[in-house]
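Data block below; observations after.
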Amino acid sequence: MVTQSPKPTSSPPTTGVRSFVRSIEEASSARHRFGQLDGTKKMLRVPLFDDEMLTSYCARLAAANLTTATDLSLDMGVTFQNVIDGAERAIDALAEYSRVPVARLRSAAVVTSGRTLNLQGEPLTWQNYSRTRLRFCPGCFRDDDRSKDRMPGTRRYIRRSWALRFLRTCARHQLKMVDLGASPLHPPRNQDFIENLEELYDQVEEAIVSPTARQPSDFEKFLLRRLDGIRCDGELLDELPLELAALVCTLIGVAALHGPKAREEAHDDDQLWEASQTGFEYLAGGVAGMHSFQDLMHRSISAVRCDIGGQKIYGNFYVRLKDRKDPALDRLKCEIHTYAVEVLPLSGDSEVFGRPEVTRYVSEKQLRKEFGHRPGHMRKMAVAMGFLSSSEIDAGAMPRDVAVRISELISDAVLPREAAEMLSVRTVNFNDLRRAGIFSPVLSSGNGVDAHERFSRTAITEFLSGLRSIAVCPSDGLMRPILRACKMTAIRLGDMVALILQGRLSKVGWDADKEGLSAILIDPREASAALAPAGPKKLTITEMKERLKTSNETAYALVRGGYLNSSMERSHAHNHPLRLISQEDADAFEKKYVSFLTAEKDLGISRSTLRKALKNAGLQTAFPLDEVRVSFYVRAELEAAIRVIEGAD
């Protein structure tokens, strides 16, 4: 084998060159102290370290024999590029010349396949594992220099983990890694470790003299564990290849620390070190940790449109991952997509790693297509009914469950004029039925929205069917149409219908030649008798509301809901029928219930004590607030709650 000395240069020698020459001289004089020349190949050998890179070993072996890695490879019948690629023929040749077992050399190799590398079972791209940059730990080089059992000029070696871009701290020495940048040499010599040390001698020595102390981050410890084949860092991280896991941690950390629009390349090494640790803390928490990061990004958006895309929400993090087709990212993308659709008002027009098939919200386009109503009208009715807040009246999307409910109401709703036509009466007659509580609107004004009252078509149809089933008495000469009977007896239509529904008329017939309420036949005399005054004086609605210190609307609501017993009769003071409440029923109601407005005086407590008692006991109103607008409570429960508060005081 022919060995070559360093080629002469026309420029004056530098300190680095002199040092290299001295190393060669020391190596030459140390042949008998550090190894034996092989009789056939006349090779001086050096040891391979367990964590050493194959190219580093080849360069050190070449330096021990006063040549370069490029020339040594040619002498072995291969090229240095074969060594760089981890080719089997290069490993076999090195094994023959170095007497190092093939298995050990193979473990030191970083095998190249196309555009990817394989480092200890982990696939990496060149940009994330650049062997053409001189990256090293000053502490490790100092330890190497102190190893007197090694041949001078070959003591320092490159650890396989150093080229990993995401590793920025030496865990052994707790020192910041030094990155001197791209090699000034041309390929393949730019991967000859010994030649690079010579070219960058002064920068290397300066970095060794003034290292920067830093504790390794948990993220960097994770990298080293993964290179050792250990997976114990949570479901998401353990499922990702090392390179993808490191990239995702970095992207998440940059977004979390610097905002969604921040780009990785705009930050220096120290900022990326901090960002990687931050991202690791999120991902180490598994799916819940990923959701925490998403929540942070969601809070950074002032307003979320229903058709917003992942780039607007998650910024550069989303851009970098969106077009990557690696199946290893599918689980992560699915978790991000599912959670975004779950917590954000997204519609089928949004795109977060794909468009959602089923969403909690529907866009205006979907509202028109799926429900056939004007979106603005649907939102207006939803706000009026309390299904949406007033701030959402101009929003572009609507919760799907609200859209379904409002659509059903609108499709079934009719105006008072249409309702009167269905009942075959005039609008004034229908309004009387509405005041009597026979019909209640399903849509009306509310929450600052003006809307005409609308009534349920289905409820009107069922009402007529119910009357038809009652009206089975054969007609006789004394029975009259219900509207005629109302005029004859001065009974309002609503009160007359109430008599029928309460079963207080025995004679109710049906005129098959007419439709709606006009077909109902009753005996006017029986109706008058049913409302004749009897027994002690009873309270009118007006008198009852004064007794309860509430409004007519609340009193009527209590009666309509069946919470306060009443009956239609002619009072002693009036000739026309009224809705009356007996003294016994009024006394029983007041004994059992008390309103929030009267509890303070009735129970002799302050309002603050009353509120505290209600809150601590978690008392619910006795009647639904959408039926009875005033809060009533069961008196015994409220008194017990107050006793608890007073006992505690």
The lone condition ILE491 fails out of (1) assigned to a helix (DSSP H, G or I); (2) open to solvent by less than 20 Å² (accessible area, probe 1.4 Å) is (1)
Test ARG454 against the stated conditions and say whether it is within 30 Å of LEU499 (Cβ to Cβ), open to solvent by 30 Å² or more (accessible area, probe 1.4 Å) and in contact with a Ser or Thr (Cβ under 9 Å, 6 or more places away or on another chain).
yes
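For segment 90-188, which fully contained strands (runs of 3 or more DSSP E) count at least 2 residues that are among the small types (Gly, Ala, Ser)?
Working: elements: 111-113, 116-119, 122-125, 133-136, 178-182.
Because the criterion is at least 2 residues that are among the small types (Gly, Ala, Ser), the strands (runs of 3 or more DSSP E) in segment 90-188 that meet it are 178-182.
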Under 6 Å between Cβ atoms, at least 6 apart or on separate chains: pull out the pairs that start in segment 185-211 with a residue that is of a type in the set (Lys, Arg) and end on any residue that is surrounded by 16 or more Cβ atoms within 10 Å (Cβ to Cβ).
ARG189/THR70; ARG189/GLU195
Select from segment 423-437 the residues that are aliphatic (A, V, I, L, M) and modelled with pLDDT of 90 or more and write down the one among them that is surrounded by the most Cβ atoms within 10 Å (Cβ to Cβ).
LEU433
Taking the options ALA397, ALA420, name whichever one is crowded, with 20+ Cβ neighbours inside 10 Å, small (Gly, Ala, Ser), touching a Phe, Trp or Tyr at 6+ places or on another chain (Cβ under 6 Å) and within 30 Å of ILE308 (Cα to Cα).
ALA397
In segment 594-631, residue farthest from ALA529 (Cα to Cα) [restricted to those that are in contact with a Lys or Arg (Cβ under 6 Å, 6 or more places away or on another chain) and not charged (D, E, K, R)]:
THR598
Quick one: count up the residues across segment 188-220 that are within 17 Å of LEU119 (Cβ to Cβ) and either in contact with a strand residue (DSSP E or B) (Cβ under 7 Å, 6 or more places away or on another chain) or open to solvent by 40 Å² or more (accessible area, probe 1.4 Å) (or both).
1
Residue check for GLN366: assigned to a helix (DSSP H, G or I), open to solvent by 30 Å² or more (accessible area, probe 1.4 Å), among the polar types (S, T, N, Q) and under 30 Å from GLY253 (Cβ atoms):
no
Do any residues in segment 584-608 that are among the β-branched types (Val, Ile, Thr) have Cβ atoms under 8 Å from those of residues that are not in a helix (DSSP H, G or I), where the two are at least six apart or on different chains, and which pairs are they?
VAL594/PHE632; VAL594/TYR633; THR598/LYS549
Search segment 502-511 for residues being without any contact (Cβ under 8 Å) to a residue 40 or more places away in the chain and farther than 16 Å from ALA529 by Cα, and hand back the single one that is most open to solvent (accessible area, probe 1.4 Å).
ASP511
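Would you call LEU638 part of a helix (DSSP H, G or I) and closer than 23 Å to ALA588 by Cβ?
Working: part of a helix (DSSP H, G or I): yes; closer than 23 Å to ALA588 by Cβ: yes.
Criteria met by LEU638.
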Restricting the first residue to segment 626-648 and requiring it to be free of Cβ contacts under 8 Å to residues at least 60 places away in the same chain and among the basic types (Lys, Arg), which pairs with a second residue that is in a helix (DSSP H, G or I) and open to solvent by 70 Å² or more (accessible area, probe 1.4 Å) meet a Cβ separation below 8 Å and a spacing of at least six or different chains?
ARG635/LYS591; ARG635/LYS592
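The values are calculated or read from the model by the stated rules, or taken from the named source; none is laboratory data. Just so we're clear, the structure is a prediction, and the values are computed from it rather than from any experiment. Note that we place each Cβ from the backbone using ideal geometry, even for glycine, and neighbour counts take in every protein chain shown. Each accessible area value is taken on the protein alone, full model and side chains, heavy atoms only, with ligands, DNA and RNA left out. Shrake-Rupley method; radii C 1.70, N 1.55, O 1.52, S 1.80 Å.
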